2 protein chains.
Amino acid sequence: MKLINNPDKSQWAEILKRPVMNTENLFDTVRGIIDRVRAEGDRAVLEMEAKFDKVELASLVVTEAELKEAETLVDEKLKAAIRLAKQNIETFHAAQRFESKKVETMPGVTCWQKAVAIEKVGLYIPGGTAPLFSTVLMLAVPAKIAGCKEIVLCTPPDREGRVHPAILFAAQVAGVNRIFKAGGVQAIASMAYGTESVPKVYKIFGPGNQYVTAAKQLVSLRDVAIDMPAGPSEVEVLADETADPVFVAADLLSQAEHGVDSQAVLITTSEALQQAVKAEVERQLELLPRKEIAEKSLANSKLIVVKDMEEALELTNEYAPEHLIVETADYMQVAERVVNAGSVFLGSLSPESAGDYASGTNHTLPTNGYAKAYSGVSLDSFIRKITFQEIRPEGMKNIGPAIEEMAANEHLDAHKNAVTVRLNKLRVES
Amino acid sequence: MKLINNPDKSQWAEILKRPVMNTENLFDTVRGIIDRVRAEGDRAVLEMEAKFDKVELASLVVTEAELKEAETLVDEKLKAAIRLAKQNIETFHAAQRFESKKVETMPGVTCWQKAVAIEKVGLYIPGGTAPLFSTVLMLAVPAKIAGCKEIVLCTPPDREGRVHPAILFAAQVAGVNRIFKAGGVQAIASMAYGTESVPKVYKIFGPGNQYVTAAKQLVSLRDVAIDMPAGPSEVEVLADETADPVFVAADLLSQAEHGVDSQAVLITTSEALQQAVKAEVERQLELLPRKEIAEKSLANSKLIVVKDMEEALELTNEYAPEHLIVETADYMQVAERVVNAGSVFLGSLSPESAGDYASGTNHTLPTNGYAKAYSGVSLDSFIRKITFQEIRPEGMKNIGPAIEEMAANEHLDAHKNAVTVRLNKLRVES
């Protein structure tokens, strides 16, 4: 951990730098796999599974029998936790439903938006050391509430060709329609273009390593929408002297254990807290099973002291953290002034873990400073708002002449004429 | 125009094919310009303006004097039309304001979303044959309502170094902060990375040719968000035997005059209408100043007869048109069943021109079938919804054990520990 005290503003850009992922060079490799899946379908996906996931699959499809078996394999305590989390995620996302209202912009001109679910969505759940069943809930629950008709999930199987039962259980609880054994670039390509087994979808969601991210970006250039660009996870704790260093240390470590490129940053007005957190991180680190990962990631992490809360907020908004934990006495006032962050955790009893799993908010969030322009995943991510308008005779008379004038000045006479023929008919009729 | 009658479903994919834009090969050229602007700033932009827009500029900045002069150059009738359009766009987009509500997902666990404006946005307005002041309104008005602090606009100047006065007037009416003379790839790169003159923004909006589109896509891979991928404009008219062929023809032509790659499609249940529209298009075409463009674009356009409204709707939703005009007797019932479209115009008095200019809806819409996954530009495009959560002691007791269980099963012990330390403290206190 780097201790940084009262940095000059000229140093901010350097201090806030994130570990850089160079995706540029990946694109050629990734494009090659995408093209093969697009051309050859299942055959290419099965070959890539053998190559990258070291598994010989007879079929990509997760069967009914496998789903039933998964239910018997997950222990009751975990099932109850998944159901509780699902319920809270559902409650929060259902409250995000869009209520359409008609707006009469001028007499006789009525306009409105209607929320319509994206018909087909694809969710990617990475494999690796941990089964990310929580991400299944975070993506499938809002998709279901939105009313997506086809919710497809791809996830890499283990070397015996099995998907972790907790993932299959969460997928069933959340309402996923079809599950396929496919990982990495080949999974993204399958959902982007469709194969004999995997249906083509209109939007792809979910985290992944740099290959998956590059694949999502490439297919999004033309063929399918994606949730957002993804980078390594990150947390900032914004704290004053009232914060509990044990909690702060635990929060920083819960980010550090994610991966060696994760970022954990403390911004505080208290040098005493900075010192106490440093000591506490070192103490707690010793007890962690994933100590090795956390240790490497902590090498990039910073404990920054600034002169006052004003400056702390300015630095925070410049950083635009994915997760922001505010442990200050007046956290509600501080929250009012946060303009760039993905998800904000307020007070000493709101750790990032709560939002990662079970409070109800989504954990798919903008990293890498993207919070300046992007929201996290929400119900909005699974719908489109289509605009409608109905113009009646009075309305056409009200806006018609202005349209004619503007169209003529943009040299678009056919645009003008589409109004003129209508105004003429109204004149004849009246 | 191609007349297509009762096509078999196996032909649908072929019929619905759009003119293909091959952007792949553009990317190298475009990347070169972006890199130069990124490295050299204003100097590179000025050089590109000389090269591509054939103009020697002393400065990129549009001055106060130029803005004042523009006001005197636009005639009063056009000013009044622009003000009327601005008012309606404002009314419709202001009604889209997001109202935050707190949700208690479990006792003691409160979550909410807050809409926060994107602080800095960049708007691109293309040059070319027509001054697109209407697009200035469509992008700047919602940006202003959202509360974006910095609204930057780039547009190419003419060969005398001037920006069209109607663009400058609309920009002032809509509340643009700063205007720069820059076009094409160099404009997009300027706003993505900032130059000495042009500030860096977080999200870039606006239409453009294939170079501009490729530039937006390239910078969006890492550095800045964009509104949506853009392709040539398109309209579908969905009509039954009650539709007025004069109106339908005028609507198809108002799309065709946009550019040679524009698409205009009629889907109807009436062969009589198909024939009448064909004749009427040919008649109206003769009267158009942009006849040559419209003629070329009409070569791609299709007048399709299907067996019933059921099939018409299925084909429409498969096509996912940017603009959909519904001229049927029961247009409200038809509208209920539209799931894939950008903006829908209902009844015989709602031409696309209305939404293009003055009814209040936005005209920046998803083309190329993207309506299956994307919405058009709306107030949402200029905000982010940040999630917040506040957990109180009762809430931590309610969800804490579920979080511990899930974190342990994802092998994320530090995540678990962030909850455990808090539950321990609550136990000590109670």
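The values are calculated or read from the model by the stated rules, or taken from the named source; none is laboratory data. As the structure is a prediction and not an experimental result, all values here were calculated from the model. With ideal geometry, Cβ positions are generated from the backbone for all residues, glycine too; neighbour counts draw on all protein chains shown. The protein model used for the area step is the full one, side chains on, heavy atoms only, and it has no ligands, DNA or RNA in it. Shrake-Rupley method; radii C 1.70, N 1.55, O 1.52, S 1.80 Å.
Screening the candidates A:Arg38, A:Arg31, A:Arg43, A:Arg18 for the property of being assigned by the TED database to the domain that holds A:Met191, at pLDDT below 95 and open to solvent by 20 Å² or more (accessible area, probe 1.4 Å) yields one hit, A:Arg31. Does A:Val334 qualify as being aliphatic (A, V, I, L, M), in contact (Cβ under 8 Å) with a residue 12 or more places away in the chain and either open to solvent by 10 Å² or more (accessible area, probe 1.4 Å) or within 7 Å of chain B (Cβ to nearest Cβ) (or both)? Spelling it out, it is not the case that A:Val334 is aliphatic (A, V, I, L, M), in contact (Cβ under 8 Å) with a residue 12 or more places away in the chain and either open to solvent by 10 Å² or more (accessible area, probe 1.4 Å) or within 7 Å of chain B (Cβ to nearest Cβ) (or both).
Here's the yes/no breakdown for (1) hydrophobic (A, V, I, L, M, F, W, C); (2) outside the structural domain of A:Gly360 (by the TED database); (3) closer than 30 Å to B:Ala94 by Cβ; (4) out of contact with any helix residue (DSSP H, G or I) (no Cβ under 6 Å at 6 or more places or on another chain):
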{"residue": "A:Ala85", "(1), (2), (3), (4)": "yes, yes, no, no"}
{"residue": "A:Ala140", "(1), (2), (3), (4)": "yes, yes, no, no"}
{"residue": "A:Ala146", "(1), (2), (3), (4)": "yes, yes, yes, no"}
{"residue": "A:Asp158", "(1), (2), (3), (4)": "no, yes, no, yes"}
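Would you point out the residue of region B:185-224, among those that are charged (D, E, K, R) and in contact (Cβ under 8 Å) with a residue 12 or more places away in the chain, that is nearest to B:Ala146 (Cα to Cα)?
So in region B:185-224, the residues charged (D, E, K, R) come out as B:196, B:200, B:203, B:216, B:222-223.
Narrowing further to those that are in contact (Cβ under 8 Å) with a residue 12 or more places away in the chain: B:196, B:200, B:203, B:216, B:223.
Values: B:Glu196: 27, B:Lys200: 19, B:Lys203: 14, B:Lys216: 22, B:Asp223: 22 Å.
By that ranking, first place goes to B:Lys203.
On the given criteria, is A:Glu56 part of a helix (DSSP H, G or I) and either open to solvent by 50 Å² or more (accessible area, probe 1.4 Å) or over 29 Å from A:Val377 (Cα atoms) (or both)? Judged against the criteria, A:Glu56 is not a match.
Please work out if A:Arg392 is within 7 Å of chain B (Cβ to nearest Cβ), open to solvent by less than 20 Å² (accessible area, probe 1.4 Å) and among the basic types (Lys, Arg). Criteria not met by A:Arg392.
Considering region A:107-121, and only residues there that are out of contact with any Phe, Trp or Tyr (no Cβ under 7 Å at 6 or more places or on another chain) and surrounded by 24 or more Cβ atoms within 10 Å (Cβ to Cβ), the residue that is farthest from the other protein chains (Cβ to nearest Cβ) turns out to be A:Gln113.
Applying the selection to region B:314-331, what residues are more than 14 Å from B:Val265 (Cβ to Cβ), more than 9 Å from chain A (Cβ to nearest Cβ) and either touching a His at 6+ places or on another chain (Cβ under 9 Å) or not polar (S, T, N, Q) (or both)?
Narrowing region B:314-331 to residues more than 14 Å from B:Val265 (Cβ to Cβ): B:314, B:328-331.
Subset that is more than 9 Å from chain A (Cβ to nearest Cβ): B:314, B:328-330.
Within region B:314-331, B:Glu314, B:Ala329, B:Asp330 qualify.
Listed by position, the strands (runs of 3 or more DSSP E) enclosed by region A:250-335 that each have at least 1 residues that are farther than 24 Å from B:Gln389 by Cβ are A:302-305.
If you go through region B:77-115, how many residues are charged (D, E, K, R) and more than 29 Å from the chain's Cα centre (by Cα)?
Summing the residues that are charged (D, E, K, R) and more than 29 Å from the chain's Cα centre (by Cα) in region B:77-115 gives 2.
Total residues in region A:169-188 satisfying the condition of being open to solvent by less than 10 Å² (accessible area, probe 1.4 Å) and closer than 17 Å to A:Ile82 by Cα: the figure is 4. Scanning region A:341-375 for residues that are open to solvent by 10 Å² or more (accessible area, probe 1.4 Å) and more than 7 Å from chain B (Cβ to nearest Cβ), which turns out farthest from A:Gly206 (Cα to Cα)? Result: A:Ser348. Per the listing A:Val163, A:Val173, A:Val185, A:Val237, the residue uniquely more than 17 Å from the chain's Cα centre (by Cα) and part of a loop (DSSP other than H, G, I, E, B) is A:Val163. Among the residues of region A:395-430, the ones that are more than 7 Å from chain B (Cβ to nearest Cβ) and surrounded by fewer than 22 Cβ atoms within 10 Å (Cβ to Cβ) come to 13 in all. Does B:Val421 satisfy the criteria of being part of a helix (DSSP H, G or I) and in contact with a helix residue (DSSP H, G or I) (Cβ under 7 Å, 6 or more places away or on another chain)? When the stated conditions are applied, B:Val421 passes them. A:Ser220 meets all of the listed conditions (1) closer than 30 Å to B:Gly369 by Cα; (2) out of contact with any strand residue (DSSP E or B) (no Cβ under 9 Å at 6 or more places or on another chain); (3) surrounded by fewer than 24 Cβ atoms within 10 Å (Cβ to Cβ); (4) at pLDDT below 95 but one, namely (2).
Say we look at region B:235-281 and pick out the residues that are at pLDDT below 95 and acidic (Asp, Glu); which of these is surrounded by the fewest Cβ atoms within 10 Å (Cβ to Cβ)? Applying the filter and picking the extreme gives B:Asp261.
Cβ-Cβ contacts under 7 Å between residues 6 or more apart (or on different chains), taken from a first residue in region B:71-94 that is at the interface with chain A (Cβ under 9 Å from one of its Cβ atoms) to a second residue that is of a type in the set (Asp, Glu) and in a helix (DSSP H, G or I), are listed as B:Lys77/A:Glu405; B:Leu78/A:Glu405; B:Ala81/A:Glu405.
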